[in-house]
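The structure under discussion appears below in the form of structure tokens.
The values are calculated or read from the model by the stated rules, or taken from the named source; none is laboratory data. Values in this document were obtained by computation on a predicted structure and should not be read as measured data. Cβ sites come from the backbone with ideal geometry, for glycine too, and all protein chains shown count toward neighbours. To get the accessible areas, we keep the full protein, side chains included, count just its heavy atoms, and leave off ligands, DNA and RNA. Shrake-Rupley method; radii C 1.70, N 1.55, O 1.52, S 1.80 Å.
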Amino acid sequence: MSFCLNIKKELINIKKDVREELQGFIFISEKTEGKNSLVIFETDKYYKKYSDTLKNWKFCTSGILNINNTKKNIFTLTIDNAKMSISNLNDFAHKRAFIRGLFLGGGILSDPEKAYHLEFIVYTKEKAEFIKEILLSIDITTKVVKRRKKYIVYLKESSQIVDLLNIMGAHIALLEVENIRVLKEVRNNVNRTVNCELANISKTVSSAILQIEDIKYLSKTIGLNKLPNNLEQLAKLRLKYAQATLLELGSKLEPPVSKSCISHRFKKIRQIVEETRRNNR
């Protein structure tokens, strides 16, 4: 079972504010066909949850409501010549139930192991903008994009996805997403550390190769014994410890010197190399 279906399985068991939840479900999933509105309950679990509310709730300003079992365990709600009236959503409990219904009727959340992406799919721009405003009222920022003949209200911020799961009441899914976020962060930190260390190692090796080339050049041309004593000592040490860092080289000298001092001495060796090459042209 997909991650998204697991969330819906969790949400379908919430029994609070079913009327407002059903409003959200119908709002996002109804299609217009002629003068009628159609809502498809793709599983009998949805129909069983909402059946009593549908029978007892006059949610239409006018019209006739029909429910047909078109296929096995698939129910179609038909609203003839009607407009659905939405309850006052100023109450936070009603609002969160309405949003839960939106997700059950037309919400999708990708597997957070792969990407952070939650979206609501509707059939009109007006509905997309309405959902965007509802979510903004609870500090969830979304964007709207048209995809073929549908409109997508989506968000990609992992922290906001976690907040929205909490608001809808999907606490098991919330914990799973949080665990994945922590693991991803740890992996990313480890990768950054490893990459940084590899970069430092690569830089150290490249510098050491150039230093050794300079030292060998001076050894063949003027001889290392012609260098000042502190540079001669460092040059011989570098040949002996080809992979040592500047800090390690500094600790091996008598007396020990700092990394910056070693770097300065290698710059002097480089200057002598350049001067020797100019004189040998």
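The calculated FRET efficiency for the pair Glu133 and Arg187, based on their C-beta separation and a Förster distance of 35 Å, comes to about 0.45. Nonpolar atom fraction for segment 176-215, defined as the carbon and sulfur part of the 1.4 Å probe accessible area, stands at 58 percent. Relative to the current alpha-carbon distance between Ser159 and Asn13, full extension at 0.36 nm per residue lengthens the span by 50.1 nm. Of the accessible area of segment 98-169, computed with a 1.4 Å probe over protein heavy atoms only, carbon and sulfur atoms account for 51 percent.
Using θ = phi - 60° in the Karplus curve 6.51 cos²θ - 1.76 cosθ + 1.60, the 3J(HN,Hα) couplings for segment 257-273 round to 10, 6, 4, 5, 5, 4, 4, 5, 5, 5, 5, 5, 4, 4, 4, 5, 4 Hz; x is entered for Gly and Pro. Scoring 118-124, 189-195 by mean Cβ neighbours within 10 Å over their residues and listing the highest first yields 118-124, 189-195. Between Thr221 and His117, the simple spin-label model (points 7 angstrom out along Cα→Cβ) gives 5.9 nm. Put a dot 7 Å past the Cα of Thr276, heading toward its Cβ, do the same for Ile209, and the two dots end up 2.1 nm apart. Taken as Cα centroids, segment 102-117 and segment 124-167 sit 11 Å apart, rounded to the nearest whole angstrom. Taking the average, over residues, of other Cβ atoms within 10 Å as the packing measure, peptides 163-173, 249-259 rank 163-173, 249-259 from highest down. What segment 177-245 shows is 67 Å² of accessible area per residue, with the surface traced by a 1.4 Å probe over protein heavy atoms.
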